[in-house]
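Asker: Handing you this structure, nothing more for now.
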Amino acid sequence: MDYAILTGFVLVLGVVLALVAQWKGWKPSLLVVLGVGIAFRVLIMATSAVDTWQPVDFINSFKPAGVAVLNREDPVLGSSGGWHFLPTIPYVYGLLLWLGIPWEIGGRLVTVVADIALIPLVGKLAGGPNASLRAFQYACNPLAILVASVHGQVEPVALVFGVAAFVVARGPGDPHRPGMTTDPLALARQSVALHGLAGAVRHAFGPGGVLRGALTPREGDRQSLRRALFAGLLMGLALCAKSWPIWLIPGLLLLLPTFRARAVAFVATGIAPVFFLVTLPIFAGTSLSQIPEVIRVIQDIRPIVGQWGYSAVLMGGVNDLNQEIATFGTRLIYVTLLVTAFLWRRADPIDLTTALLLAFMVTTPRLGAQYLLWFMPFLIARPTRFAWPAIIGASLWAGYGYLYMTQFDSATWRSLHVVWSQASIVLLPILALAMPWERRVPRVPRAPEASPEGPPPSAPVTAST
């Protein structure tokens, strides 16, 4: 990389500004926040575009996918063979190439624009008095700048739609204001505490009970169903960019107030992916008989391990195909995420999402540096005690790979890669500590005790988020 010193200076400046903003309690205007975010990203995009070093997949996978669309060739099954997701992003690549925009700019333009749009959404996700501070801290995030402006990886595209889905699902109002708890076990315990066992049964199953209320349309349902529809459509667009936003769906559904709204959002999530799949014969020249093969390739998990965590130790820091480690790691991910979902089942849905994504990072056997961006908007919006050690640690590790290792020839790069990959094991406990452990269980006020003057007035039971 020719501009490593300049890029490194910008990244360090971003970290310093973010930490000083936290210390001083800055609350800059949206105009200032966007100005800083745009300046950082456009500057690094411009230098990266004229650099003699370009990321391998950016040149050998992303560009051929756009060229394939221009040639009405399937970007998944065609001769490019490097695209393993739905063709939505290659359609955009193809359009930019058709407009004559140089690839080194156009390929990064997609991710830079998405990452800039993500800045105010992080503020919306945070809500409350610190919304502008959190947006500013994401604008300064060094990993986001590296992924969007240097690598051109499409994580920001998936995140901008995924975070927008969360914002829409939550709806207007203060996210920190206590709201109704949605955990069934907590509701049952609270109902028993307020009404007694027999009263709780009547409260749940009686003529005016909770069950009938859940199945009967109410006046406010139309608004929540509309939010659910738009949130599901946005999450579907996130899945069109990459497949990993599937881990965002549980948190999205829990943000919605009713079973009916969750069902609408879940169904709506599939609309955009199905649309881009079934229209392949129209836009990419794919035959109908090839669509099952496209689905198989998209769903296939390639067993490339050795760059991250325990797999780097087992593989000696060398990237290679290893089905045994990949299979073990995939099963470990599923078990860990199930346990994590259970432990955070009563937490704020954003905290649940943060916990799931960080747990994935700790247990995955395969990882690209861009994966570490997945949890950044959620962790910045609702930071934990170890949030900044995790943010800085992940950025340092990724920055070493992007800025330092690219200064050398292939042989030297491979020797450095061994050390770099195995050093990632140090990040695992930091990422685990950054999970929102202290917010696993919301504080639920006790049921009021009976007084000599008579029973307390009934009131809705709330849970703090």
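Asker: Using a 1.4 Å probe on the protein chains only, how many percent of the accessible area of region 341-421 belongs to carbon and sulfur?
Answerer: Values: 1710 of 2620 Å².
Answer for region 341-421: carbon and sulfur cover 65 percent of the accessible area.
Asker: Further question: How much solvent-accessible surface does HIS151 expose, in Å² to the nearest 10, with a 1.4 Å probe and all protein chains in place?
Answerer: 20
Asker: Check cross-link reach from LYS242 to the lysines: straight Cα distance under 25 Å, and skip same-chain residues fewer than eight apart.
Answerer: By straight Cα distance, LYS242 reaches LYS63, LYS124.
Asker: Each residue of region 256-261 in order: what ³J(HN,Hα) in whole Hz does its phi give by Karplus 6.51 cos²θ - 1.76 cosθ + 1.60, θ = phi - 60°, with x for Gly and Pro?
Answerer: With the stated coefficients, region 256-261 comes to 7, x, 10, 4, 4, 5 Hz.
Asker: Still on this structure, I have one more. If you roll a 1.4 angstrom probe over the protein chains with everything in place, what fraction of the accessible area of region 1-130 belongs to carbon and sulfur, to the nearest %? Don't skip to the end; give the middle numbers.
Answerer: Values: 4190 of 5810 Å².
Carbon-and-sulfur percentage of accessible area, whole number: 72.
Asker: May I pose another question? List, largest first, the extents of the alpha carbons of region 82-175 along their principal axes, each in whole Å.
Answerer: 44, 26, 23
Asker: Using Cα pairs closer than 8 Å and at least 6 residues apart in sequence, work out the relative contact order for region 19-128, in percent. All intermediate terms of the calculation are to be shown ahead of the outcome.
Answerer: Numbers: 87 pairs, mean separation 29.6, N = 110.
That works out to 27 percent.
Asker: A follow-up question, please. Under a 1.4 Å probe, what is the accessible area of region 228-283 per residue, stated in Å²? Numbers along the way, then the final one.
Answerer: Values: 2260 Å² over 56 residues.
The answer is 40 Å² per residue.
The values are calculated or read from the model by the stated rules, or taken from the named source; none is laboratory data. It should be emphasised that the depicted structure is a prediction, and the values quoted were computed from it without experimental measurement. Just so you know, the surface numbers come from the protein's heavy atoms only, side chains and all, with ligands and any DNA or RNA stripped out. Shrake-Rupley method; radii C 1.70, N 1.55, O 1.52, S 1.80 Å.
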